[in-house]
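Everything below concerns the one structure shown next.
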């Protein structure tokens, strides 16, 4: 399965893996699987991460680089993940004036209640790091938020 990865993919995967290999033992905790995949610009859902071997508790399972590479290749090919355009179309549903803005409170409510919900602490971090200040009417531009959230230029 790793034959679908380019030399550049392999180099990036090894680098990201090494970042999460905290003690230099050439293994990562499976609880970090989603973080490593997201660092590689793959956007798996939590259920996909679980299917690929990720865990929710630290120390339950370890993954070597050799075990990780086929997981990365599979996740990279997985079509059950959102991309920027998909998420942008969803946010456009909240753009009543069709001017590229939505209510900031609607965005935070979505993060708290829809899909793979975030808790209030996580939402606070996302808002602080990714959301532009609201205008006097409480609106924010959603495309820059989404770009920051997905870390694309």
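The values are calculated or read from the model by the stated rules, or taken from the named source; none is laboratory data. As the structure is a prediction and not an experimental result, all values here were calculated from the model. Here the Cβ positions follow ideal geometry from the backbone for every residue, glycine too, while neighbour counts run over all protein chains shown.
Would you pick out the residues in region 135-151 that are in contact with a helix residue (DSSP H, G or I) (Cβ under 6 Å, 6 or more places away or on another chain) and either under 28 Å from residue 40 (Cα atoms) or surrounded by 15 or more Cβ atoms within 10 Å (Cβ to Cβ) (or both)? First the steps, then the outcome.
Taking region 135-151 first, the residues in contact with a helix residue (DSSP H, G or I) (Cβ under 6 Å, 6 or more places away or on another chain) are 138, 140, 142, 145-146, 148-150.
Within region 135-151, 140, 142, 145, 146, 148, 149, 150 meet the criteria.
Can you tell me how many residues within region 42-54 are modelled with pLDDT of 90 or more and either more than 17 Å from the chain's Cα centre (by Cα) or surrounded by fewer than 18 Cβ atoms within 10 Å (Cβ to Cβ) (or both)?
Final tally of qualifying residues: 3.
If the Cβ limit is 8 Å and pairs must be 6+ apart or interchain, which residue in region 101-130 that is on the phi < 0 side of the Ramachandran plot and free of Cβ contacts under 8 Å to residues at least 12 places away in the same chain pairs with which residue that is in a helix (DSSP H, G or I) and surrounded by 11 or more Cβ atoms within 10 Å (Cβ to Cβ)?
Listed pairs, sorted by first residue: 112/123; 117/111; 118/111; 118/112; 118/126; 119/112; 120/112; 122/111.
What helices (runs of 4 or more DSSP H) lie completely within region 57-124 and have 1 or more residues being more than 20 Å from the chain's Cα centre (by Cα) and loosely packed, with under 13 Cβ neighbours inside 10 Å?
Numbers: elements: 65-77, 84-92, 104-113.
Correct list: 65-77, 104-113.
Which residue is farthest from residue 14 (Cα to Cα), if the candidates are limited to region 42-56 and must be assigned to a loop (DSSP other than H, G, I, E, B) and free of Cβ contacts under 8 Å to residues at least 40 places away in the same chain? Quick ask: steps written out before the conclusion?
In the first step, residues of region 42-56 are kept if they are assigned to a loop (DSSP other than H, G, I, E, B); the result is 42-45, 52-56.
Next, only the ones that are free of Cβ contacts under 8 Å to residues at least 40 places away in the same chain stay: 42, 44, 52-56.
Values: 42: 15, 44: 19, 52: 18, 53: 18, 54: 18, 55: 20, 56: 23 Å.
Filtering region 42-56 for residues that are assigned to a loop (DSSP other than H, G, I, E, B) and free of Cβ contacts under 8 Å to residues at least 40 places away in the same chain, the one farthest from residue 14 (Cα to Cα) comes out as 56.
Just one of 62, 57 is touching a strand residue (DSSP E or B) at 6+ places or on another chain (Cβ under 6 Å) and in the same structural domain as residue 35 (by TED's automatic domain parsing); which is it?
Values: 57 fails: touching a strand residue (DSSP E or B) at 6+ places or on another chain (Cβ under 6 Å).
Answer to the selection: 62.
Within region 1-21, take every residue that is part of a helix (DSSP H, G or I), surrounded by 15 or more Cβ atoms within 10 Å (Cβ to Cβ) and touching a residue at least 60 places away in the same chain (Cβ under 8 Å) and give me the one that is farthest from the chain's Cα centre (by Cα). Step through it out loud before you land on a result.
First pass over region 1-21, keeping only residues part of a helix (DSSP H, G or I): 2-4, 7-20.
Narrowing the set further to residues that are surrounded by 15 or more Cβ atoms within 10 Å (Cβ to Cβ) leaves 2, 9-10, 12-13, 16-17, 20.
From the residues that got through so far, the ones that are touching a residue at least 60 places away in the same chain (Cβ under 8 Å) too are 2, 9.
Numbers: 2: 22, 9: 18 Å.
Result: 2.
Being in contact (Cβ under 8 Å) with a residue 24 or more places away in the chain, under 25 Å from residue 87 (Cα atoms) and either in a helix (DSSP H, G or I) or outside the structural domain of residue 10 (by TED's automatic domain parsing) (or both) is the filter here, so list the residues in region 22-41 that pass it.
Selection gives 33, 36, 37.
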